[in-house]
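Here is the structure we will look at.
The values are calculated or read from the model by the stated rules, or taken from the named source; none is laboratory data. What you see is a predicted model; the values in this text were computed from it and never measured. Only protein heavy atoms, including side chains, enter the accessible area calculation; ligands, DNA and RNA are left aside. Shrake-Rupley method; radii C 1.70, N 1.55, O 1.52, S 1.80 Å.
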Amino acid sequence: MHAGIGDTVRRKEDVRLVSGRGTYSDDFNLPGQVYAATVRSPHAHARISSIDTAAARALPGVLAVLTGADAHADGLTRIPHLAAPGTPPDIVLKNRDGSPVPAAPHHVLPTDRVRHVGTAVAFVIAETLAAAKDAAEKVEVDYEPLPVVTDPKASAAPGATRLYDDLPNVMIDAEVGDAAAVDAAFARAAHVTQLDTWLNRVTGVPMEPRSALGVYDAASGRYTLYAGSGGIVRQKREIAQILGVPPDDVRVIAREIGGNFGTRNSFFPEFALVVWGSRKLGRPVKWTAERHEAFVTDYMGRDLTVRAELALDADGRFLALRSSNLSNVGAHSGSYVPLVKGVGLATSGYRIPVSHIAARAVLTNTMCTTPYRSAGRPEVIYVIERLIDKAAQEHGFDRVALRRRNLIPPSAFPYKNPQGITYDNGTYRAVMDKAMELGDWRGFKKRRAEARRRKRLRGIGLCYYLETTGGYPRERADIAVHGTGKVDVVVGTLSSGQSHETTFAQCVAEWLGVPFDDVQVFENDTDVVKEGGGSHSARSMRLAGIVMGNASDAIIDKGKKIAAHMLEAAEDDIGFAAGRFTVKGTDRAVGIVEVAAAAERNDHALPEDLRGPLAATADETIRQLGFPYGTHVCEVEIDPDTGALDLVRYVAVDDVGRAINPMVVHGQTHGGAAQGIGQALWECCTYDAEGQLLAASFMDYAMPRADSLPSFTTAISEVLTPTNKLGVRGAGEGGTTGALAAVVNAAVDALAEFGVTHIEMPVTPERIWRAIQAGKR
């Protein structure tokens, strides 16, 4: 079967998945395994006075009850979260007072106090899961409750309750931009618009709650973890660091991930606990989260409080952006990436000459926030797009014309934004015009009038978005062509639904001229995968494409040398196309598989350096950002009597650079849009003042459903980026980035006759109804 770059081809993965032959984390089982349950804190902030495990250990079938004291005695260290305040080419946040940016520690089991509800304080291992759960209920923990702070503003205030005796609550207090120039621009502005908003906290809610199986082999001294995550090489290194062992003593295996969206990129305590428990007991240890545990202890996302202002001249040209961004990072420093990424992209794809952004990261007694699909970018795109609509509404501009006037034109690239990030290229206005055409923007007045006859309020909104992709900069590919015709591709990414088995195979099949079905992709076992950054920040195709391309080029170069010997020709006379090495100007040729077979036979006619596998490795560190962009158009209808909102039309046009498989790109847009719409309309992780999570089940955490979403109309723009061989920008996150503002802008448009200029997310029926009632007064 031929399937190359740009072809729409069905996914290789699907046959396995739809036939029930996938292997998710909970599907792993080993002979003699035992089962674990966690004891979790009901308090958001409390000192651990004592833990009595005697009654639990006395129950039949109980093998161990492990606590923070045991972990400390065995030398387990804190989780090495990647909590840097940015690395180039992203911006780097520096504290105003010159102090280093600290990281609040996260231990697998704490010894001193708990700092959020759901913190694991004991790990119970028993012969059966039922016995482990029964024993967990017998563990007696004496807590000394402490004051709780869940509001980041309150946590940042002087005199606030401190989560750590040796650390401030404010981890980052930085500023980016030119404050004086911004002040001057605002002073001469004809119009100023301000927005105060909170980007609601959400969580990934993966299809499969996280699960882990750990085994320690005493004979070899090696630990093996079976668990889905965002990247197995990272998990391997983090386990080794926590246990204090060499990385080569750790193996990590993952098959189907069961959902990620960033939620599973960071390390979870249970991953270390199962392998450590196995070492102590000499048996495999398995743990699987209950859904309520996942809600409380999965890493969360968003939770950004913003006050932003946009200055405009009399003609509607943007003069300056001023913003204060307060990120609630939770109880531990899991990541500062969302804050960093958001600050760098705050001005989006608009020509805004100057900006000043105050950026703070603050601890609270809540679960950690880490990168969640498109980390930091949906938040700031939402802010700038709401500011533009609000400015148009308040100052009499047309919202579309305002955007067109200020979008960066193609002639201005490469373009350096006022925060210091340089964009590659793009046709921003063309993509917006295409989305409006597909969304029939001109025909909206008729649809609104028809809705009014049905006593419904109809609104339309759009969002232009710009994304920035980056992530872990190092990636590796090992490619081998076998004499059997099979081609093995080993890459350090890890698919959690991005179709790597299909799209990576399409690339290699085209470059090497081999059948698509003969290319096999491996990325699931650290005994095979030696290096790589996993999948996040839309990095996989962009970086894997570079190293796979370089490894393929090396194979072709080596193949030319072998073919020259086989065809008795000079190497410079050998050409390569469509999988065949040819003596230029003749019909003499040999296929790449024949060349591989000759090399494998150790044919003595070949020089020593050309014998053996036809294989190559490319291992590269690529510090370069990608910039996908696009426009989403949304229409909603609202029942003015109840506030109920129906999303009735949705259009997205995304420029991803080269689309390797258009069907996969459309699927990524559909899924991403559903996530963004979910945040805009339904999802919210709400804590009360005591730190209790009020949305800890599907009864309370509302999710997007198929019957609440319309069929999406999506289109792909392919302006190739000059930053990599494939011209790929990234396709995994744009769907989410554009959705928030498109939906809220549409809702505000529907409610404009009531004087509504803004409504907070999630845009629930109650909030809509209250806004309508307020407008009637």
Quiz item: Once every DSSP H run of n ≥ 4 in the chain is given -39500 (n - 2.57) and the sum is divided by its residues, what mean residue ellipticity at 222 nm do you get, rounded to the nearest 500 deg cm²/dmol?
Solution: -9000 deg cm²/dmol
Exercise. Might you work out the accessible area of R40 for me, using a 1.4 Å probe with all protein chains in place, and round it to the nearest 10 Å²?
Key: 50
Quiz item: What are the radius of gyration and Dmax of segment 580-622, computed over its Cα atoms and given in Å?
Solution: 13.5, 41
Exercise. Please express the shape of segment 645-724 as an equivalent ellipsoid: the semi-axes are the square roots of 5 times the eigenvalues of the C-alpha gyration tensor, given largest first in whole angstrom.
Key: 33, 17, 10
Exercise. Considering only protein heavy atoms, with the full assembly of protein chains and a 1.4 angstrom probe, order M566, M300 by accessible area, largest first.
Key: M566, M300
Practice problem: Leaving ligands, DNA and RNA out of it, work out the accessible area of L30 with a 1.4 Å probe and give it in Å² to the nearest 10. | Solution: 50
Quiz item: Helix by helix, which DSSP H runs in the chain go 20 Å or more along their axis at the Cα atoms and have an average Kyte-Doolittle hydropathy of 0.5 or more?
Solution: 734-751
Quiz item: In square angstrom, what is the accessible area per residue of the chain with a 1.4 angstrom probe?
Solution: 37
Quiz prompt | Alpha carbon convex hull of segment 603-738, projected area averaged over orientations, nm² | solution = 15.5
Quiz item: What percentage of the solvent-accessible surface of segment 134-288, computed with a 1.4 Å probe over protein heavy atoms, is contributed by carbon and sulfur atoms?
Solution: 48
Quiz item: Of the heavy-atom accessible surface of segment 596-712 (probe 1.4 angstrom), what whole percent is carbon and sulfur?
Solution: 50
Quiz item: If you average 1/r over all unlike Cα pairs in segment 53-160 and invert the result, what Kirkwood radius do you get in angstrom?
Solution: 17.3
Quiz item: How big is segment 548-592 on each of its three principal axes, counting only the C-alpha atoms and giving the largest first in Å?
Solution: 30, 18, 14
Quiz prompt | Column: log10 I(q)/I(0), Debye, Cα scatterers of segment 317-453, q = 0.09, 0.16 Å⁻¹ | solution = -0.36, -0.94
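Roll a 1.4 angstrom probe over the protein heavy atoms and tell me the percent of accessible area of segment 351-400 that is carbon or sulfur.
Roughly 49 percent, rounded to a whole number.
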Quiz item: Once amide H atoms are placed 1.01 Å from N in the peptide plane, what residues at a sequence separation of 5 or more from R40, or on another chain, have their amide H within under 5 Å of its amide H?
Solution: V121
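How big, on average over all directions, is the shadow cast by the Cα convex hull of the chain, in nm²? Could you put the intermediate results ahead of the total?
Working: hull surface 147.3 nm².
Result: 36.8 nm².
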